[in-house]
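Notes for the one structure printed next.
Taken together, the values in this text are just the output of simple stated rules run on the coordinates, not laboratory data. Predicted model, so just to flag it, every value in this text is computed and none were measured. Cβ atoms come from the backbone with ideal geometry, glycine included; neighbour counts cover every protein chain shown.
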Amino acid sequence: MSKIPKAFTDSAKRRVYGRRLGRPMGQTRQAAIDDILPKLTLVEDDVAVERTLNPQSLFAKPQDIVLEIGFGNGEHLKAMMEQKPNRNYIGAEPFINGMSAFLKSIADMPHNNIRVWMDDAVTMVRAFNDESLSAIYILNPDPWPKSKHHKRRIVRHETLIEYHRALKAGGDLIMATDVDDLAEWMVTETMNHGGFEWQAERSKDWQTIPSDWFITTRYAAKGEAAGRKETYLLFKKVLN
Ligand SMILES: C[S@@+](CC[C@H](N)C(=O)[O-])C[C@H]1O[C@@H](n2cnc3c(N)ncnc32)[C@H](O)[C@@H]1O
């Protein structure tokens, strides 16, 4: 079993469904958790009170803030940092193996524009001030296929209220999934919210990888190899 960092508290465990700990980590990954995570992580106090955290205060340079929720091993987050270095990034991923893989992968990159949260993304977004994010990415969220588990989905009415509040006017909510039922659910929930405008005009728009997409994650590539098609869902915040 990997050494568990202090940030991994009992209260944190209760907020997230599913796996938090996985296979034992190698030395470099453990070192990333021990040495890099403490420098980049938000702390419990940052997110303790709703709507009180200006996420810009986490960074030295004021610039657009992009949040990725459930980044897995962080390939997409890292690709954004490489391809658009003049933005600030926040990544949320509760699974320690994913967090350690991401931190290891960015060990030699600049760290001034990246902050992370190894816990439930919604708890963190709730703490953000209104209109503080330029974009939110949610790629291949856990599908929770059983009806009794739909309330665990990371894209649902209650969480969309928080994503909408935290986004700037005109900000992007960018989602993808290779689970058809979930794609339908995400479109329905997001449209029903009323504060997002779907950018798609024809089916080709959600069936084709957008031209400015940063990278195909290993997860998406595996799905494609198994015959599943990724659906790309691009929304913009409008006022409701
Ligand atoms: C199916 S994986 C997809 C990973 C990655 N986005 C990709 O496309 O390769 C879903 C991820 O969401 C994370 N996740 C689950 N619940 C979460 C929550 N409440 N907040 C943030 N991330 C969460 C999981 O740990 C997992 O890494």
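Quick notes on this one:
- Helical content alone sets the calculated 222 nm signal of the chain at -8500 deg cm²/dmol, taking -39,500 (n - 2.57) per DSSP H segment of four or more residues and averaging over every residue.
- Centre-to-centre separation between the Cα atoms of the range 39-63 and those of the range 94-109: 20 Å.
- Volume in Å³ per residue [convex hull over Cα atoms, computed for the chain]: 131
- Full extension of the chain segment joining D45 with L239 gains 66.8 nm, where the gain is 0.36 nm per residue of separation less the Cα-Cα distance.
- Relative to the dominant Cα principal axis of the chain, helix 180-193 is inclined by about 80°.
- Most positive-pole-ward Cα, T123, S211, F95, against dipole of the chain from beta carbon charges: F95
- Per residue, the average separation of C-alpha pairs within less than 8 Å and at least 6 apart gives the range 10-237 a relative contact order of 21 percent.
- Proxy reagent accessibility, fewest Cβ within 10 Å first, across L103, L37, L58: L58, L37, L103
- Summing charges over neighbours of H157, with a neighbour being any other residue whose Cβ is under 14 Å away from its Cβ, gives +2 when K and R count +1 and D and E count -1.
- Prolate/oblate/rounded call for the range 158-240, Cα gyration tensor, a/c under 1.5 rounded: prolate
- For the peptides 152-163, 118-129, the ranking by mean Cβ contacts within 10 Å, running from highest to lowest, is 118-129, 152-163.
- With the convex hull drawn over the C-alpha atoms of the range 29-116, the volume per residue is 92 Å³.
- Close amide H partners of L173, meaning residues 5 or more places away or on another chain with modelled amide H under 5 Å apart, are I136, F235, K236, K237.
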